[in-house]
Amino acid sequence: MEKLEDFLSGEQIILGFSQNALLAVLLCGLVATSSGIIARRLLFPRIIDLISKTERIDGRDIFAPRSLGWMIGFLIMSLTLDWIGNNGDPVWNENYMNTISNLFYAGFVVLMLLAAFRLVDYIDVLIVVEGDDMAARRSLASVAESIGRVVVVVVGFFIVAGLAGVDANSFVAGLGVTGLVIALAAKDSVANMFGAISILIDQPFNVGDWIVVGSVEGEVISIGLRTTQIRSSADTMITVPNSNITNSSVENFSQRRFRRIQPTFDFEVNSDPDALKKFCDSLCKQVVDDPRSMKSEDSWIRVKSFAPSMVIVATNFYCMSSAATQREFTEDILLMARARAKDNQLNFHEPRRREHQQL
């Protein structure tokens, strides 16, 4: 320490600083700036790589928010100035340096809160993983981010109040009465928060699901602490309070195990009964044998009813739960029906031709 004291000693040249003391302050600033840059651009991406639970995120492509770099820099600056003041005998203005050190520490606290608020966006790195429950984990991450921001704001409020010299005991006691008043005034917001928790626990739907809630239908985009955002088929964004969702029935189309296909076919009234029977059996076998078909034991095709001018054949088939598969399979079933009708010399009902024959 004697060498440090000798280095920091000397005559005052500017604002009460010796030449070496001023140089030490500049070196502290350089070290603090370098530490912030290293922490933001090197350490943070490596930490993200280590704790990330999904390979889709490459820590090398991620930079921490700038507030994190400044936070590290301010902390290093405050600690080094305090260490020099306590372990050396620098020739500088004590009052001036104490004020600077306190300002750096206060800046560190404020930047820490800002960095924490920004780092909430990285919660999905810890929660979201590849797997079958990806949608559920995205929903959890969405709610966790909202809760995280609220926690950061509340904790930051108490920290800033403490730095301002507010007595914590009297402050907390005052919050008891104030909190009751706020809770009564903001009961809808509280209900929405509990609604978010209910959605998170019960999981009636997840982010990415297509749902119907009351008169609202669309894809779930995000689940927040107060509201859930749904994008409609018209590409509009609908914001629904969570309390409304928990108090309403939710129809989740994304949870369907299969999709039903029920085309009907109308044949001329004078169609041969044996030909109709062969048509039904052959078409049913062809559809059931298709790899896209499901629930073969519940699939059927039968003559449903007779009308004055036609015979109505009803069908009931199932396919895997995919809109694209349903559209493609429905088209193929119609083409199969046309081919089987031709094989059995059956004519589809044409009202205009029937009217022409009557004339």
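The values are calculated or read from the model by the stated rules, or taken from the named source; none is laboratory data. Only a predicted model underlies this, so the values are computations on that prediction, with no experimental measurement involved. Virtual Cβ from ideal backbone geometry, glycine too; neighbours counted across all protein chains shown.
Here's a check for you: in segment 238-250, which residue that is outside any helix (DSSP H, G or I) and within 20 Å of the chain's Cα centre (by Cα) is farthest from LEU225 (Cα to Cα)? The extreme case among them is VAL250. Taking segment 222-241, which residues are at pLDDT 90 or above and surrounded by 14 or more Cβ atoms within 10 Å (Cβ to Cβ)? Passing the criteria: THR228, GLN229, ILE230, ARG231, ILE238, VAL240, PRO241.
Each row is one residue, and each column tells you yes or no for (1) of a type in the set (S, T, N, Q); (2) outside any strand (DSSP E or B); (3) touching a residue at least 24 places away in the same chain (Cβ under 8 Å); (4) in the same structural domain as ASP209 (by TED's automatic domain parsing).
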| position | (1), (2), (3), (4) |
| --- | --- |
| ALA275 | no, yes, yes, no |
| GLN286 | yes, yes, yes, no |
| GLU297 | no, yes, no, no |
| SER305 | yes, no, no, no |
| ALA314 | no, no, yes, no |
| LEU335 | no, yes, no, no |
| LYS342 | no, yes, no, no |
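Inclusion of LEU346 among residues that are part of a loop (DSSP other than H, G, I, E, B), farther than 30 Å from PHE205 by Cβ and outside the structural domain of ASP209 (by TED's automatic domain parsing) is warranted.
Counting just the residues of segment 213-237 that are more than 24 Å from PHE194 (Cα to Cα) and of a type in the set (Gly, Ala, Ser), which one comes out farthest from the chain's Cα centre (by Cα)? Walk me through how you get there before you give the answer.
At the first step, the residues of segment 213-237 found to be more than 24 Å from PHE194 (Cα to Cα) are 232-236.
Right, trim to of a type in the set (Gly, Ala, Ser) and you get 232-234.
Numbers: SER232: 17, SER233: 20, ALA234: 21 Å.
Residue satisfying both the conditions and the ranking: ALA234.
Among the candidates ILE230, ILE201, which residue alone is part of a strand (DSSP E or B) and either touching a Gly at 6+ places or on another chain (Cβ under 9 Å) or without any contact (Cβ under 8 Å) to a residue 12 or more places away in the chain (or both)? Outline the logic, then answer.
Details: ILE201 fails: part of a strand (DSSP E or B).
Unique residue meeting the criteria: ILE230.
With the structure loaded, tell me whether SER282 is hydroxyl-bearing (Ser, Thr, Tyr) and surrounded by fewer than 16 Cβ atoms within 10 Å (Cβ to Cβ) or whether it fails that test. So SER282 fails the test. In segment 137-162, the residues that are within 11 Å of PHE117 (Cα to Cα) reach residues that are modelled with pLDDT of 75 or more and of a type in the set (Gly, Ala, Ser) with C-beta atoms within less than 8 angstrom, at least six apart or across chains, in these pairs: SER146/ALA196; SER146/GLY224; VAL152/ALA116; GLY156/ALA116.
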